[in-house]
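Colleague: First, the structure itself, so that you have it in front of you.
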Amino acid sequence: MGTKARLSFEFFPAKNEATEVKLMQAVHGVAALSPDFVSVTYGAGGTTRDRTADAVRRIMAETSLAVATHMTCVDASRAEVDGVVAQFRTMGVRRFVALRGDPVAGVGSAYVAPRDGYANGADLCAAIAATGDGDISVSAYPEKHPESPDWDADIAMLKRKQDHGAARALTQFFFDCDFFERYVERARAAGVVIPIVPGVLPIHNFRQVASFAKRCGTSIPGWLGGRFDGVDADTDPAVHASLAVEIAVRQVELLRQRGHDELHFYTMNRADLVTAVCRQAGLVAASPSARHQPVTGAEAA
Ligand SMILES: Cc1cc2nc3c(=O)[nH]c(=O)nc-3n(C[C@H](O)[C@H](O)[C@H](O)COP(=O)(O)OP(=O)(O)OC[C@H]3O[C@@H](n4cnc5c(N)ncnc54)[C@H](O)[C@@H]3O)c2cc1C
């Protein structure tokens, strides 16, 4: 584990003033971990377009962090998507995460590509690459995207994204590292050479995570459900938070032992869990004050 880890942290845009305060506190919190970049998600059909732009603008103004904006193709024409990309480029954004996105009706409902829009993440990646220099990340699914008919189709899509200019793939969150390992093997065998960066989600709320995992095809191993049995994020936030940190630290350590030195963290707009994970897993130096401080869960959503 001698190599320095390269970290990125994902946020979602704020809905109102209160959540904006929380978002910026979290951004400033992870800035101390010296990430390679942070990213801000983009809602289906442009539903968060202005809020994503506001968050990106604010992070660029208030920190020296490199910021990537996510872009999706759902319910938007090519011209609309191109316009938003151009707007971000005018703001100085050079990093993008190119995604198809989920239908506005939600994860799990059938996706219909807009007739005059981009069909998938690979198409969008090519379109963004054509607009100028920069750095494009794309998605990858260690347990296969639920809509992929089979592994070959799933990996072929990742290869297409690479061929269209993707610099790296950031994965969906997962809890069984063997899925990730097998996925990387499949991708490498198919000629994918770009970094495949594991997506790590410290479990801020087990009930919510389990429900979302079901919809997006992430398995919840039996042992994980067992660990959170009787531990509720709302009624017992401190115990829940320290369990979440312990489990994510173990996952990060295993990934590092297996040679994965780039990690993408889903922050859920709170810095406490990811900071504790990064420090306890030795990804960043532990500050003397943080070393003995338990996570309180006080920032729980
Ligand atoms: C790191 C990361 C960040 C994310 N950020 C956001 C975000 O900001 N906003 C948001 O709304 N969602 C986000 N998502 C969720 C994502 O939008 C959903 O998982 C969505 O269902 C798929 O988007 P995608 O770009 O991965 O799809 P794609 O990779 O384009 O497609 C998913 C799968 O569908 C199949 N498929 C698609 N098109 C075709 C085709 N033409 N022919 C054959 N098969 C096809 C392929 O098997 C493919 O693997 C994110 C996901 C990840 C992993």
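Colleague: Among the candidates Asp36, Asp102, single out the residue that is surrounded by fewer than 23 Cβ atoms within 10 Å (Cβ to Cβ), closer than 25 Å to Val197 by Cα, within 12 Å of the ligand (Cβ to nearest atom) and under 18 Å from the mean Cα position of the chain (by Cα).
Modeller: Just one listed residue meets the conditions, Asp102.
Colleague: For the subset of the stretch 180-206 comprising residues that are more than 23 Å from His70 (Cβ to Cβ) and not basic (Lys, Arg), which member is surrounded by the most Cβ atoms within 10 Å (Cβ to Cβ)? It would help to see each step written out before you state the result.
Modeller: First pass over the stretch 180-206, keeping only residues more than 23 Å from His70 (Cβ to Cβ): 181-182, 185-186, 188-191, 193, 206.
Cutting the leftovers down to not basic (Lys, Arg) gives us 181, 185, 189-191, 193, 206.
Working: Glu181: 16, Glu185: 10, Ala189: 9, Ala190: 15, Gly191: 11, Val193: 9, Phe206: 22.
By that ranking, first place goes to Phe206.
Colleague: Output the residues belonging to the stretch 107-165 that are at positive phi and basic (Lys, Arg). Lay out the reasoning, then the answer.
Modeller: The first filter runs over the stretch 107-165 and keeps only residues at positive phi, leaving 108, 132, 134, 144, 165.
The answer is Lys144, and nothing else.
Colleague: Which count do you get for residues in the stretch 219-275 that are closer than 22 Å to Arg182 by Cβ and among the basic types (Lys, Arg)?
Modeller: 3
Colleague: Mind listing just one residue for me: the one in the stretch 214-254 that is without any contact (Cβ under 8 Å) to a residue 40 or more places away in the chain and under 21 Å from Lys144 (Cα atoms) and, of those, surrounded by the fewest Cβ atoms within 10 Å (Cβ to Cβ)?
Modeller: Per the stated criteria, the residue is Gly222.
Colleague: Same structure, new question: Can you confirm whether the stretch 127-147 contains a residue that is in a helix (DSSP H, G or I) and closer than 15 Å to Cys216 by Cα? Before the answer, list the steps.
Modeller: Going through the stretch 127-147, the residues in a helix (DSSP H, G or I) turn out to be 127-129.
Going one step further and asking which of them are closer than 15 Å to Cys216 by Cα, we end up with none.
Scanning the stretch 127-147 turns up no residue that is in a helix (DSSP H, G or I) and closer than 15 Å to Cys216 by Cα.
Colleague: Can you tell which of Val197, Val193 is in a strand (DSSP E or B), of a type outside the set (Gly, Ala, Ser) and within 23 Å of Asp261 (Cβ to Cβ)? Before you say what the answer is, go through the steps one by one.
Modeller: Details: Val193 fails: in a strand (DSSP E or B).
Val197 is the lone residue from the list that is in a strand (DSSP E or B), of a type outside the set (Gly, Ala, Ser) and within 23 Å of Asp261 (Cβ to Cβ).
Colleague: Identify, please: which residue in the stretch 6-37 is acidic (Asp, Glu) and modelled with pLDDT of 95 or more and is, among those, farthest from Asn269 (Cα to Cα)? Write out each step before concluding.
Modeller: Filtering the stretch 6-37 for residues acidic (Asp, Glu) gives 10, 17, 20, 36.
Still in the running and modelled with pLDDT of 95 or more: 10, 20, 36.
On the way: Glu10: 8, Glu20: 10, Asp36: 17 Å.
Out of the qualifying residues, it is Asp36.
Colleague: If the requirement is being surrounded by 15 or more Cβ atoms within 10 Å (Cβ to Cβ) and either near the ligand (Cβ under 10 Å from one of its atoms) or in a helix (DSSP H, G or I) (or both), which of these qualifies: Ala169, Ala153?
Modeller: Numbers: Ala153 fails: surrounded by 15 or more Cβ atoms within 10 Å (Cβ to Cβ).
Just a single option satisfies the conditions, and that option is Ala169.
Colleague: Among the residues of the stretch 211-243, which ones are among the aliphatic types (A, V, I, L, M), part of a helix (DSSP H, G or I) and more than 17 Å from the chain's Cα centre (by Cα)?
Modeller: As a first pass, look at the stretch 211-243 and keep what is among the aliphatic types (A, V, I, L, M): 213, 220, 224, 231, 233, 238-239, 241, 243.
So of that shortlist, the ones also part of a helix (DSSP H, G or I) come out as 213, 224, 238-239, 241, 243.
Leu224, Ala238, Val239, Ala241, Leu243 - these are the residues of the stretch 211-243 that are among the aliphatic types (A, V, I, L, M), part of a helix (DSSP H, G or I) and more than 17 Å from the chain's Cα centre (by Cα).
The values are calculated or read from the model by the stated rules, or taken from the named source; none is laboratory data. This structure is a prediction, so every number in the text was calculated from the model and none was measured. Glycine also receives a Cβ, built like all others from the backbone with ideal geometry; neighbour counts cover every protein chain displayed.
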